[in-house]
Protein chains: 2
Amino acid sequence: MDQRDKKPEVAGKPCILCCAITGSVPTKDNNPALPVTVAEQIESSHAAVEAGASIIHAHVRDDAGRPCSDPDRFALLQDGLRRHCPGVIVQFSTGGRSGAGQARGGMLPLRPDMASLAVGSNNFPTRVYENPPELIDWLAAEMRAYEIVPEVEAFDLSHILQAIARHKAGDLFGKLYVQFVMGVKNAMPVDRDVFDTYVRLFEARAPEGNWCAAGVGAGQLTVNEWAIAAGGHTRA
Amino acid sequence: MDQRDKKPEVAGKPCILCCAITGSVPTKDNNPALPVTVAEQIESSHAAVEAGASIIHAHVRDDAGRPCSDPDRFALLQDGLRRHCPGVIVQFSTGGRSGAGQARGGMLPLRPDMASLAVGSNNFPTRVYENPPELIDWLAAEMRAYEIVPEVEAFDLSHILQAIARHKAGDLFGKLYVQFVMGVKNAMPVDRDVFDTYVRLFEARAPEGNWCAAGVGAGQLTVNEWAIAAGGHTRA
Ligand SMILES: [Zn+2]
Ligand SMILES: [Zn+2]
Ligand SMILES: [Zn+2]
Ligand SMILES: [Zn+2]
């Protein structure tokens, strides 16, 4: 990106790069390099950190390679990350593709540095991404109990406002951190005007917070560039 | 409202008033004047039309006063509206508080003029408002088959974009009509900046369409005033 595209206050401000090493959707069939065993995930994280990543966003898989929420796998992964990538910020997914209900937060007693948190519901390509208010309350309370900073995954504009309101109400541990997610079919598309609106509203209403942005699928690099140029953080 | 608050192009443009005579949440305990029988609903609609309403947004109730989707009740109501309120636009709710799955569209063969349509999912005060993509596709197809104009209920920004995309793809019968819904707990709050963003994006991307806005609960009059002043339509 051209340095002249950046806002003046952006130059020199560090950008936090988050690497989602595995995700919950792809399989070895899609890409044989996808790390699915804990050993593969640790080495993949090691490489990501050497390439500049500060946060590792982690999902675990069962022996068949399917997304799961097994706390034992998360424990092994966290141990490995602490040894191979000292200082990296470990972020566990509590997303709904890896389990249902409170099972999604079963690994939180491991006290990762961060964990993803939904604060609303929306549609996914073939189904509803269900995050009932009660489950959100429970996950947020667990994160407070274990002193875990949530990364709020905002799939729509109201999710950003809900995150700000929950943070103000003392619901969310630590500093507010919201990720704008674009490009999931049936949710918010990759849209420049919407992105600018997100940034403007967030910065006006949560000046002490931080935002990052992720484009899912084909829009990944586009959103990475928008986020970096606008002075935010980003996920790959 | 002061005439000077209006945009110049708004003065003289007719505003469509929609009256939601019953809704799905309130009961006679909340307000004894709430019309819940078909006879009460017809008289309530009659009064609304005399007061200026052009659209009647209708839910039906069972004998115990609970929301239901019974096509026979909708048929009786439609007959009564045609007789007592000739020319009024009859809009049936396919909302998720009155039934589940395809039962929500069981009255569409009655060919009302309009029907409400969700195009995404979101949270409600105590649960998820579930509108899976497959159900949306089915409801939209039924509305095309019976030549019913959908009123898209947009509870979040992505719902507006989805409505525009679906209309462009030929999914939605007739002229695009989107209602911005604000004020439902855990969904989009009543928010002036968000309202302005909704109007700006909708008018830029769907100049041939129409938008209306509804504030649920305490924000009702506020959103009515915003919508009228901005040249849109509104629901009470
Ligand atoms: Zn994830
Ligand atoms: Zn290593
Ligand atoms: Zn309704
Ligand atoms: Zn009458």
Legend entry - Subset of the range A:197-215 [within 12 Å of another protein chain (Cβ to nearest Cβ) and without any contact (Cβ under 8 Å) to a residue 24 or more places away in the chain]: A:R200, A:A204
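Condition check: within 14 Å of chain A (Cβ to nearest Cβ) and more than 16 Å from ligand 1 (Cβ to nearest atom). Does B:V60 satisfy that?
no
Would you check which residues across the range A:71-104 are hydroxyl-bearing (S, T, Y) and at pLDDT below 95 and list them?
First, the residues of the range A:71-104 that are hydroxyl-bearing (S, T, Y): A:93-94, A:98.
Of everything in the range A:71-104, just one residue is hydroxyl-bearing (S, T, Y) and at pLDDT below 95, namely A:S98.
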Inset, instruction - Taking B:P109 as the residue in question, decide whether it is open to solvent by less than 50 Å² (accessible area, probe 1.4 Å) and over 15 Å from the mean Cα position of the chain (by Cα). - result: no
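Restricting the range B:143-163 to residues that are surrounded by fewer than 21 Cβ atoms within 10 Å (Cβ to Cβ) and in contact with a Gly (Cβ under 8 Å, 6 or more places away or on another chain), which is nearest to the other protein chains (Cβ to nearest Cβ)?
B:V149
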Inset, instruction - Check every one of the helices (runs of 4 or more DSSP H) wholly within the range B:123-226 and list those with 1 or more residues that are within 16 Å of ligand 1 (Cβ to nearest atom) and within 14 Å of the chain's Cα centre (by Cα). - result: none
Legend entry - Count - residues of the range A:61-88 that are touching a residue at least 40 places away in the same chain (Cβ under 8 Å) and either open to solvent by less than 20 Å² (accessible area, probe 1.4 Å) or hydrophobic (A, V, I, L, M, F, W, C) (or both): 3
Inset, instruction - For A:P35, state whether it is open to solvent by 20 Å² or more (accessible area, probe 1.4 Å), more than 14 Å from chain B (Cβ to nearest Cβ), more than 16 Å from ligand 4 (Cβ to nearest atom) and assigned to a loop (DSSP other than H, G, I, E, B). - result: no
Inset, instruction - Taking A:A227 as the residue in question, decide whether it is within 14 Å of chain B (Cβ to nearest Cβ), more than 22 Å from B:H159 (Cα to Cα), open to solvent by less than 20 Å² (accessible area, probe 1.4 Å) and of a type outside the set (D, E, K, R). - result: no
Legend entry - Condition met for B:R111 (farther than 15 Å from A:S121 by Cβ and of a type in the set (D, E, K, R)): yes
Inset, instruction - Determine whether B:S69 is of a type outside the set (A, V, I, L, M), more than 16 Å from ligand 1 (Cβ to nearest atom) and within 16 Å of the chain's Cα centre (by Cα). - result: yes
Inset, instruction - Would you check if there is a residue in the range B:124-134 being touching a Pro at 6+ places or on another chain (Cβ under 6 Å), open to solvent by less than 20 Å² (accessible area, probe 1.4 Å), within 14 Å of another protein chain (Cβ to nearest Cβ) and modelled with pLDDT of 95 or more? - result: yes
Inset, instruction - Scan the range B:169-187 residue by residue and report those that are away from chain A (no Cβ under 12 Å), open to solvent by 10 Å² or more (accessible area, probe 1.4 Å) and not aliphatic (A, V, I, L, M). - result: B:G170, B:D171, B:F173, B:G174, B:K175, B:Y177
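Which residues, taken from the range B:68-86, are basic (K, R) and touching a His at 6+ places or on another chain (Cβ under 7 Å)?
Applying the first criterion (basic (K, R)) to the range B:68-86 yields B:73, B:82-83.
Scanning the range B:68-86 gives no hits.
State whether one or more residues within the range B:96-106 are open to solvent by 60 Å² or more (accessible area, probe 1.4 Å), touching a strand residue (DSSP E or B) at 6+ places or on another chain (Cβ under 9 Å) and under 24 Å from B:V181 (Cα atoms).
Looking only at the range B:96-106, we keep the residues that are open to solvent by 60 Å² or more (accessible area, probe 1.4 Å), and these are B:97, B:100, B:102.
Cutting the leftovers down to touching a strand residue (DSSP E or B) at 6+ places or on another chain (Cβ under 9 Å) gives us B:97.
Going one step further and asking which of them are under 24 Å from B:V181 (Cα atoms), we end up with B:97.
The answer is yes; a qualifying residue exists.
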Legend entry - Among the candidates A:V194, A:V216, A:V190, residue that is among the β-branched types (V, I, T) and open to solvent by less than 10 Å² (accessible area, probe 1.4 Å): A:V194
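Listed here are the residues, each with its yes/no results for (1) away from every other protein chain (no Cβ under 14 Å); (2) within 16 Å of ligand 3 (Cβ to nearest atom); (3) of a type in the set (S, T, N, Q).
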residue	(1), (2), (3)
A:C18	yes, no, no
A:Q41	yes, no, yes
A:S44	yes, no, yes
A:A64	yes, no, no
A:Q78	yes, no, yes
A:T94	yes, no, yes
A:Q102	yes, no, yes
A:R111	yes, no, no
A:N122	no, no, yes
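The values are calculated or read from the model by the stated rules, or taken from the named source; none is laboratory data. What you see is a predicted model; the values in this text were computed from it and never measured. All Cβ positions, even for glycine, are placed from backbone atoms using ideal geometry, and neighbour counts span all protein chains on display. When the accessible area is computed, the model is the full protein with side chains, heavy atoms only, and any ligands, DNA or RNA have been set aside. Shrake-Rupley method; radii C 1.70, N 1.55, O 1.52, S 1.80 Å.
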